[in-house]
Amino acid sequence: MNIGTTYGGVAFRDVLHARWAFVFDMVGIDWSYAIVAPSWLAPGVPTFHMPTRHLYFRSEPGYDSRAIRAWKAFADAFDAQCEANADAEDEPEDEPLIDPYLSMADHPDSRLLICLGGIPDPTNFDQYGPVGGEDQWLLLSPNGGQDCPYYWTRCDTCGFVDAEFTGRAARLDCGHGEGDKDYNAASPVLLAAYAMARRTLPAKWGRKKCPSCTLPVAPNELIAPDERTWQHARCAFAAEAARRIADSASAHL
Ligand SMILES: [Zn+2]
Ligand SMILES: [Zn+2]
């Protein structure tokens, strides 16, 4: 039985999803995760929801035609919801929308991205994305649009991260890029997050104490192990963030 992995107090279907959540924390993307999709969606579509990026994200360890079919069904249901919302626009609002999926369907720029290939290998990456093209990232936007490949990319001016076609940072919503390209899928911040995420694991059993926060480590909790200690992955993330702030402070002296 797959009992899943916990990270940041959230139970994930498997370690791959927990590792992605760790990456998103590392690069500053806020996320929520749903194993059970709302009733208007195809059943069994666990997904990340990133409201500030207008993005749904699903990840599979490799090419999986069943997962792609399920994701396409998700895209169709999403399109139908967008249309229904558009039709209902003139109606008086009776209840506030509390379902995050429904609030996403209100946004015309919402995107649905499925990643086939796990956490990227940072040793096999250039500014356009993974070298060799083994990973496939297919974007299914509302209204049946398809585009491929998409990768996480980062604005080096402000640090904003989002998924863009072939990692074109100039397309990021922060608007700092010039022109249309600025390929930056291999930003050192992204590659460091991938490298750290690939080292994280679910704890095989519980431990009394994490060396950073001194709280217990629960079985199946995501940890960033080294030779001697089992540190919570979230504590490793906090330590890394503190290191980065210290580095940038000393760089400005
Ligand atoms: Zn920017
Ligand atoms: Zn800890």
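FYI, it's all coordinate maths here, none of it is from the lab. Just so we're clear, the structure is a prediction, and the values are computed from it rather than from any experiment. In this analysis, Cβ positions are derived from the backbone assuming ideal geometry, glycine residues included, and neighbour counts consider all displayed protein chains.
By per-residue mean of other Cβ atoms within 10 Å, what is the highest-first order of 74-84, 19-29, 229-239?
19-29, 229-239, 74-84
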What distance in nm lies between label points placed 7 Å from Cα along the C-beta direction at residue 191 and residue 250?
2.2
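So if each residue of separation counts as 0.36 nm, and I subtract the Cα-Cα distance between residue 107 and residue 34, what length gain in nm does that give? Write out the running numbers ahead of the final one.
Numbers: separation 73, 0.36 × 73 = 26.28 nm, distance 1.93 nm.
That works out to 24.4 nm of additional length.
Return the loop-located GluC sites (Glu not before Pro) in segment 155-231 (DSSP other than H, G, I, E, B) with at most 13 other Cβ atoms within 10 Å of their own Cβ; answer none if there are none.
On the way: sites: 164, 178, 221, 227; in loops: 178, 227.
Answer in residue order: 178, 227.
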On the formula 1/(1 + (r/R0)^6), with r taken between the Cβ atoms of residue 218 and residue 131 and R0 of 51 Å, the FRET efficiency rounded to 0.05 is 0.85
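So if each residue of separation counts as 0.36 nm, and I subtract the Cα-Cα distance between residue 65 and residue 239, what length gain in nm does that give? Please list the in-between numbers first.
Numbers: separation 174, 0.36 × 174 = 62.64 nm, distance 3.89 nm.
This chain segment gains 58.8 nm when fully extended.
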